[in-house]
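The values are calculated or read from the model by the stated rules, or taken from the named source; none is laboratory data. Source: prediction; values computed, not measured. Note that we place each Cβ from the backbone using ideal geometry, even for glycine, and neighbour counts take in every protein chain shown. What goes into the accessible areas is simple: the full protein's heavy atoms, side chains included, and nothing from ligands, DNA or RNA. Shrake-Rupley method; radii C 1.70, N 1.55, O 1.52, S 1.80 Å.
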Amino acid sequence: MSNLRVMIFAGGVLAAGIALAGAGAAAPVGNAAAGASLFDQRCKVCHVIGEGQKGVLAPNLRGVVGRRAASTAFAYSPALKASGLTWTPAHLSQFLTAPMKMVPGTRMVVSIPDPHQRADVIAYLATLK
Ligand code: HEC
């Protein structure tokens, strides 16, 4: 099980390397429509996105792109509150690669190892204004 995870993670890193080499630039360009269905499958079980909706299990992600970390009405972990992060697409990508590596002590434990899927989800989050 953990070997499989390591392999998936290594595959993700390899794919990211290839994408970087190919594009000669930053992260792959995301597809918001694909990101919406990934969000429904992997994020919606905890996160809400309704305007003004209070997150109970997890913070509301509407407007998260460009927002300061841990800045909504949600009972965040002390670790995320102290992180001082702003959710730029690059920071979101790093966080979603391995949340507990970027912010040790965070209660957000779900990662998206595949760089293309990550870019898709971030592109979708950017549409939630
Ligand atoms: C099992 C429940 C759960 C799932 C599933 C989940 N999250 Fe989270 N997420 C959380 C919790 C809890 C937090 C708050 C973490 C903390 O306080 O340290 C969080 C925090 C976040 C934050 C920071 C928000 C802020 O206001 O600072 C982002 C971004 C995020 N999650 C994205 C995602 C994405 C994208 C997915 C789907 C791939 C996802 N999460 C899936 C529980 C979840």
_Just to check I understand the Karplus step: with θ = phi - 60° and J = 6.51 cos²θ - 1.76 cosθ + 1.60, what whole-Hz values come out for segment 42-49, glycine and proline as x?_
10, 10, 5, 4, 10, 8, 9, 9
*Would you mind checking which residues have amide H under 5 Å from Thr88's amide H? H placed 1.01 Å from N; only 5 or more apart, or other chain.*
Gly66
*Solvent-accessible area per residue for segment 62-129 at a 1.4 Å probe radius, Å²?*
50
*What nm value, rounded to one decimal, do you get for the distance between Lys44 and Ala79 when each label is placed 7 Å out toward the C-beta?*
2.8
_Spacing of the two label points (7 Å from each Cα toward its C-beta) at Ser37 and Lys129, in nm_ = 2.6
